[in-house]
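Report on the following structure.
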Amino acid sequence: MKDITENEKILLYAEAYGIADKQLAALRFRSGKTIRYEWLLIRRKLDAFNRTDAVVKSLRLGIIDIDDIKLTPPNRNLGVYPGNQYKPIAGGYTRCC
């Protein structure tokens, strides 16, 4: 297994959060095709069948941390970076701290 880059970790966290390719492409200033190609590389590196399998394997291998994946939905306008803290407000969530 090759090393996973920081960009690839961001994609793994984004998948764990449930962010769609189109949203992720807009946040990362990339095309949807580029995002899909990066996923192909991640799946090859982790020898994963699909994205879900890649996320599960990355959790088991310690590449991403379950404690960084919040159960509350992230504010998608803030980006998808591990460790963001969110607090509930009327009508949604906002970053706190």
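The values are calculated or read from the model by the stated rules, or taken from the named source; none is laboratory data. Just so it is clear, the model here is predicted, and its values are computed rather than measured. All Cβ positions, even for glycine, are placed from backbone atoms using ideal geometry, and neighbour counts span all protein chains on display.
Overview of values
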{"item": "Restricting segment 1-35 to residues that are buried (at least 16 other Cβ atoms within 10 Å of the Cβ) and small (Gly, Ala, Ser), the residue that is farthest from Ser58 (Cα to Cα)", "result": "Ala25"}
{"item": "Flag for Arg30 being at pLDDT below 95, assigned to a loop (DSSP other than H, G, I, E, B) and over 24 Å from Asp67 (Cβ atoms)", "result": "yes"}
{"item": "Selected residue (criterion: surrounded by the fewest Cβ atoms within 10 Å (Cβ to Cβ)) from residues of segment 39-66 that are small (Gly, Ala, Ser) and not in a helix (DSSP H, G or I)", "result": "Gly62"}
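So that you can scan it fast, the table gives a plain yes or no per residue for (1) at pLDDT 90 or above; (2) in contact with a helix residue (DSSP H, G or I) (Cβ under 6 Å, 6 or more places away or on another chain); (3) among the aromatic types (Phe, Trp, Tyr):
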position: Ile4; (1), (2), (3): yes, no, no
position: Ala16; (1), (2), (3): no, yes, no
position: Leu40; (1), (2), (3): yes, no, no
position: Phe49; (1), (2), (3): yes, no, yes
position: Ser58; (1), (2), (3): yes, yes, no
position: Lys70; (1), (2), (3): no, no, no
position: Asn77; (1), (2), (3): no, no, no
position: Pro88; (1), (2), (3): no, no, no
position: Cys96; (1), (2), (3): no, no, no
